Amino acid sequence: SISHTWQRQGCGLARTGTYMQVAALPLHPTATYVGKGFPKFGQPREIAHFSRDASRRVRFDKSGLGAYRTPRLPAALDVGFESYVPKSHDPNEPAPLGDVVAALSHKGVRTTDAHILTYRNNLNKIFGTVYNRKDDWEVGVERCADGTVLLHVMDTERKRAEEARRDERQQRMSYWGYKFEQLSTLDGGEDGGPLPPVNANEEFCSIVQLSIDRTKLFMAAEIDCAATGGGGAPAAGYVELKTSKRHASPRDEESFQRHKLFKYWLQSFLAGVPTVLVGFRDERGTVRRDCARWREIARDGGRLREMAG
């Protein structure tokens, strides 16, 4: 098995208790899962949200949600790397749930109205396991006195070691994603003037209610930006922004379809986000084109449709 679930003794959002392993998920050949019925999946519905500023202070509003605009292409994503402010967090608790609980309380939503409270990160790992066998994962499980189960994001030893070994090239590639987000929002220099430094601590988080069969979940997910004039439910206008290496060969295209496209679809599906835009970059981090909605991609049987920048 490559995936483990850990349970902590006691309950509390500070996560100061100790953990013991309570379960492991064995993996079988992929063909074993073919033809199995898909569980009933309830449409995600936003019930709360919050924003974090550059100092990671929380506000229960949408001040951290940028409005999407078509970026000027070509765009050099490497510009400004020297002034980049990476996201700060406790390595022992990458995604604390305290702010999620506070946002729910602000909207008058009780955590006891759901069986499970989690970040999307955990569901990405669990649901993608069959198709991504190389990456191990761990999830912290905490059952509170009121019966609510908290799923804590945990990094494995392999993940922590990889982070510690990241060289400048890898740090730049991580920065490119944040830079593309800046260039794709209204805050990204509408007048063509100089852009502020990219600060990865600024973010917007949507909290949705969804159900899998009879299990109700409250799930928090970071959202990159929103298309204006979407109307309808809040998530109807949400947009996920991604960057990926340009395809230099059919093998690159196949790898993108098999691995990245699936991950993009999964995380957007879970949060009810209808649109994913991908900036295809070269080795120097220059984006020259983007792609269509994931719904269009799915409708085309997984074939990527690109639009000229």
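The values are calculated or read from the model by the stated rules, or taken from the named source; none is laboratory data. Just so it is clear, the structure is predicted and the values come from calculations on it, not from any experiment. All Cβ positions, even for glycine, are placed from backbone atoms using ideal geometry, and neighbour counts span all protein chains on display. For accessibility, only protein heavy atoms count, side chains too; no ligands or nucleic acids. Shrake-Rupley method; radii C 1.70, N 1.55, O 1.52, S 1.80 Å.
Here are some notes:
- Members of region 136-177 that are closer than 18 Å to Asn121 by Cα, of a type in the set (Ser, Thr, Tyr) and in contact with a strand residue (DSSP E or B) (Cβ under 8 Å, 6 or more places away or on another chain): Thr156
- Note on region 218-262: residues that are of a type in the set (A, V, I, L, M), at pLDDT 85 or above and open to solvent by 40 Å² or more (accessible area, probe 1.4 Å) total 1.
- Test: residue in region 291-300 that is at pLDDT 80 or above, open to solvent by less than 40 Å² (accessible area, probe 1.4 Å) and either under 21 Å from the mean Cα position of the chain (by Cα) or on the phi > 0 side of the Ramachandran plot (or both): no
- Condition met for Ile116 (among the β-branched types (Val, Ile, Thr), open to solvent by 50 Å² or more (accessible area, probe 1.4 Å), farther than 23 Å from Met173 by Cα and touching a strand residue (DSSP E or B) at 6+ places or on another chain (Cβ under 8 Å)): no
- Residues of region 231-251 satisfying the condition of being in contact with a strand residue (DSSP E or B) (Cβ under 7 Å, 6 or more places away or on another chain) and assigned to a helix (DSSP H, G or I): Pro234, Ala235, Gly237
- Out of Thr215, Thr286, sole residue that is at pLDDT 80 or above, more than 27 Å from Gly80 (Cβ to Cβ) and of a type in the set (S, T, N, Q): Thr215
- Residue under evaluation Ser174, criteria (1) open to solvent by less than 50 Å² (accessible area, probe 1.4 Å); (2) touching a helix residue (DSSP H, G or I) at 6+ places or on another chain (Cβ under 7 Å), criterion not met: (2)
- Taking the numbered list (1) surrounded by 13 or more Cβ atoms within 10 Å (Cβ to Cβ); (2) within 22 Å of Val239 (Cα to Cα) in turn, Leu27 passes all entries but (2).
- Matching residues, region 126-153, being crowded, with 19+ Cβ neighbours inside 10 Å and either among the aromatic types (Phe, Trp, Tyr) or within 23 Å of Tyr264 (Cβ to Cβ) (or both): Trp137, Val139, Leu151, Val153
- Residue satisfying condition, being among the β-branched types (Val, Ile, Thr) and within 23 Å of Gln171 (Cβ to Cβ), within set Val109, Val58, Val141, Val85: Val85
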